[in-house]
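**Student:** Questions regarding the structure given below will be posed in turn.
Readers should treat all values here as calculations from the given coordinates under stated rules, not as data from a laboratory. Everything numeric in this text was worked out from a predicted model, so none of it was measured. Quick reminder, even Gly has a Cβ in these numbers, built from the backbone with ideal geometry, and neighbours come from all protein chains shown.
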Amino acid sequence: MLPPSVRLWRQATNMEPMGTQRIWILPDFLASQIAAGEVIQRPESVVKELVENSLDAGATQIAVSVRGAGKQLVHVVDNGCGMSREDLALCIRRHATSKLRSAEDLHRITTLGFRGEALAAIAAVAHLEIRTRAAEEDTGWRLLSEPDAQPRIEPWAMEPGTQVFVRNLFFNVPARRKFLRSDLSEFRLISDLMVRFALAAPHVRLTFSDERTVIFDLPAGTLLERLERLFGEEFARALIPVEAAEGGVALSGFIGHPQQARPSRAQQFLFLNGRWIQHKGIAHAVFAAYEQLLEPGTFPPFVLRLELDPERVDVNVHPQKYEVKFEDERFIYGVVHTAVARALHSHNVAPALEWGLAQAPLEQQPDPHSGQVLVNRLTGEIVLPERFHRRAAPVGVRPVVAPAPPVVHPAQQPELAELLPSPRCWQLHRRYILWETPQGVRIVDQHVAHERVLYERILRLFERGEPFPQRLLLPLTLQLDPAAFATLEELRAELERLGFELRLLPPNHVELQAVPAEFPAGKEEQLLCELLESYREYEQHIPGGVRERVAAALACRMAVKSGEELSELQIRSLLQQLLECRLPYVCPHGRPVFVELPLEELDRRFERR
Ligand code: ADP
Ligand code: MG
């Protein structure tokens, strides 16, 4: 049965389908009502669209009040640019927008809205009233609209700015109304949204109230002041600032101290050019930087703001614009990851390193459970020599603290090294690193050292078991020899656990679709082939299981080679990463990483004694 309005409309327009014709064009109001469903799903969507419009209008003060969890009324008042009578008449039409003119504009969107859909969608499913006055005009105007009827416009005396009233949402769409949740839960959605706006625009005074109380009234201020008002002084005090600018990407905001980590992601906020977004990749970059600082199953709070050229991101993926696509996701992942790791380091969440350490950093300590354990004195890490299982720290031993840098060539992240106290160190014959200690000199093989670092990192990725596959722009298809293909079949499950995504195309092809996000870009193909080769070779030499061998093979292939020139920063970064290892003394093959040359030995050779 057709709704009465459709029947009336058909009769009025003589468009009753005739004879064999079964297709016809939907009347405007019906098309609008269907389209409205995409933009306006619940009272929260109304609040979102209206506040975004106020922000786009350049408002410095916005007040939001709701009644009946927004089902009865959503009321938004702003002191933004307002509208002329002509614009007011247009703004509730579909595809009416002042924010987008040409196809090119679509690639450089700087406003929160641009589709010109929201007011039209609201007008299709509610009673809408807009009062507005443009700053440069003497008088304002009021528009009254009801679905299915001509809107009325009349002069209205008011201050510059805009006030929107949305009443009786979905009064004409019972099916939608039935879908709404209880008032409590609809209201909670609106509150969450308002908190996100408060964090997205701390420079705007923002007031939020319902029929009973003022929920918040936040003066314009800094992000930190906002956080303090919303989450309390104590919470704000423990936060760690993050700041980075690289390759046209600016990152700022705050991350939580590991002790502030929560069992949910509710306190993770990410904004891109002022828009709240959800992005698994970036959340993962933050999470991965904390790594072993976090209790399993907990997530650090963060409020991070990314700013980048709008041409480098596509926000037009989803009508609500919460999901975005970055042109260069891996680069942004790297910027965020490094910035967070660096912030943690510089706030001493990581341990201070004692560079001139005299003896082995490994020390025997009593353990109430197993008698004796080995503890890395630099990192507090407990080392069980036979395997690399992590254990809870017994009382009296410092907990695991060092956030290890990502699995990258040290050359790719010299920033961490800048923060370290500088030991005196030199590269020798592009192969060894020479490093002054109070007792003499220590010599490190650069390849072997880096191998050790990467090996432990990869084992940790296995342990963490939360892979983050990074899709390749174009899948790579490789041809393998039969033995390599068989090896790949065998290793597949483990590789997927690391974040590789593979499609086997028997008899001898494989399509590489994604690699672990932590891995350096560009050499994926080579890495996989070499991994398969080394793995087979290691089957005989490396003790342990599949994982140890995969880790050893990958580490060997990814590590800096003998003969590569390293800068001082890279050297220092490598040394630091090495000292954070659980077993810094041997490479995965059992070769020594260091050679120690005590001063006494030198003195003896020079016959000083
Ligand atoms: P969009 O925001 O995508 O342009 P909307 O339907 O939300 O589409 O709004 C249509 C137009 O109405 C906007 O482009 C803007 O010009 C105008 N408008 C809406 N709300 C306001 C406001 N609060 N202040 C000034 N102009 C507004
Ligand atoms: Mg809008």
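**Student:** Take the residue pairs 99/325; 280/523; 71/280; 48/99; 325/561 and return only those whose Cα atoms are more than 28 Å apart. All intermediate terms of the calculation are to be shown ahead of the outcome.
**Tutor:** Details: 99/325 21 Å; 280/523 24 Å; 71/280 32 Å; 48/99 17 Å; 325/561 36 Å.
Pairs exceeding 28 Å: 71/280; 325/561.
**Student:** Then there's this: How large is log10 of I(q)/I(0) for the range 37-115 at q = 0.11, 0.13, 0.23, 0.27 Å⁻¹ when the intensity is taken from the Debye formula with one equal scatterer per alpha-carbon?
**Tutor:** The Cα Debye sum returns log10 ratios of -0.33, -0.46, -1.27, -1.37.
**Student:** Something else now. Can you figure out the FRET efficiency of residue 110 with residue 509, using R₀ = 45 Å and their beta-carbon distance, to the nearest 0.05? Don't skip to the end; give the middle numbers.
**Tutor:** Values: r = 45 Å, r/R0 = 1.00.
So the FRET efficiency works out to roughly 0.50.
**Student:** So for the range 224-333, what percent of the C-alpha to C-alpha distances run longer than 25 Å? Before the final figure, lay out the partial values.
**Tutor:** Details: 1355 of 5995 pairs.
Here the tail beyond 25 Å accounts for 23 percent of pairs.
**Student:** Can you give the convex hull volume per residue for the Cα atoms of the range 71-203, as a whole number of Å³? Could the numbers behind the result be given before it?
**Tutor:** Values: hull volume 18.9 nm³, N = 133.
Convex hull volume per residue, Cα atoms: 142 Å³.
**Student:** Continuing with this model, one more query. If R0 is 60 Å, what FRET efficiency do you get for residue 67 and residue 294 from their C-beta distance, rounded to 0.05?
**Tutor:** On the way: r = 42 Å, r/R0 = 0.69.
Calculated transfer efficiency: 0.90.
**Student:** Based on the alpha-carbon gyration tensor of the range 164-219, what equivalent-ellipsoid semi-axes (square roots of 5 times the eigenvalues) come out, in whole Å, largest first?
**Tutor:** Working: eigenvalues 135, 29, 27 Å².
Over the Cα atoms of the range 164-219, the semi-axes work out to 26, 12, 12 Å.
**Student:** Still on this structure, please answer the following. If you bin every alpha carbon distance in the range 426-495 into 10 Å steps from zero, what whole percent lands in each bin?
**Tutor:** Per 10 Å bin, starting at 0, the Cα pair percentages come out as 15, 25, 29, 20, 10, 1.
**Student:** Which stretch or stretches of the range 571-607 have amide N atoms under 20 Å from the point lying 7 Å from residue 533's Cα along the Cα→Cβ direction?
**Tutor:** Under cut-off, by backbone N: 588-589.
**Student:** Order the peptides 121-128, 472-479 from the highest to the lowest mean number of other Cβ atoms within 10 Å of their residues.
**Tutor:** Details: 121-128: 24.4, 472-479: 12.9.
Highest-to-lowest ranking by the protection proxy: 121-128, 472-479.
**Student:** Once fully extended, how much extra length lies between residue 181 and residue 100, figured as 0.36 nm per residue of separation less the alpha-carbon to alpha-carbon distance? Please list the in-between numbers first.
**Tutor:** Values: separation 81, 0.36 × 81 = 29.16 nm, distance 3.46 nm.
So the chain would gain 25.7 nm between residue 181 and residue 100.
**Student:** Could you sort the peptides 553-566, 444-457, 148-161, 214-227 by per-residue average Cβ neighbour count (10 Å cutoff), highest mean leading?
**Tutor:** Working: 553-566: 18.8, 444-457: 24.1, 148-161: 13.1, 214-227: 16.0.
In descending order of packing, they fall as 444-457, 553-566, 214-227, 148-161.
**Student:** If I stretch the segment between residue 327 and residue 599 completely, what's the gain in nm (0.36 nm per residue apart, minus their alpha carbon distance), one decimal? Intermediate results must be reported in sequence, preceding the final value.
**Tutor:** Details: separation 272, 0.36 × 272 = 97.92 nm, distance 5.44 nm.
Length difference between fully extended and current span is 92.5 nm.
**Student:** Taking 0.36 nm per intervening residue step and subtracting the Cα-Cα distance, what contour gain separates residue 585 from residue 474 on full extension?
**Tutor:** Working: separation 111, 0.36 × 111 = 39.96 nm, distance 4.02 nm.
Contour length minus the Cα-Cα distance gives 35.9 nm.
**Student:** Once both labels are modelled 7 Å past Cα along the beta-carbon direction, what's the residue 168-residue 152 spacing in nm?
**Tutor:** Between residue 168 and residue 152, the label points sit 1.4 nm apart.
**Student:** Quote the FRET efficiency, to the nearest 0.05, computed for residue 87 versus residue 214 with a Förster distance R0 of 30 Å and r equal to the Cβ-Cβ distance. Don't jump to the answer; show the numbers that get you there.
**Tutor:** Working: r = 31 Å, r/R0 = 1.05.
Efficiency, from the Cβ-Cβ distance: 0.45.
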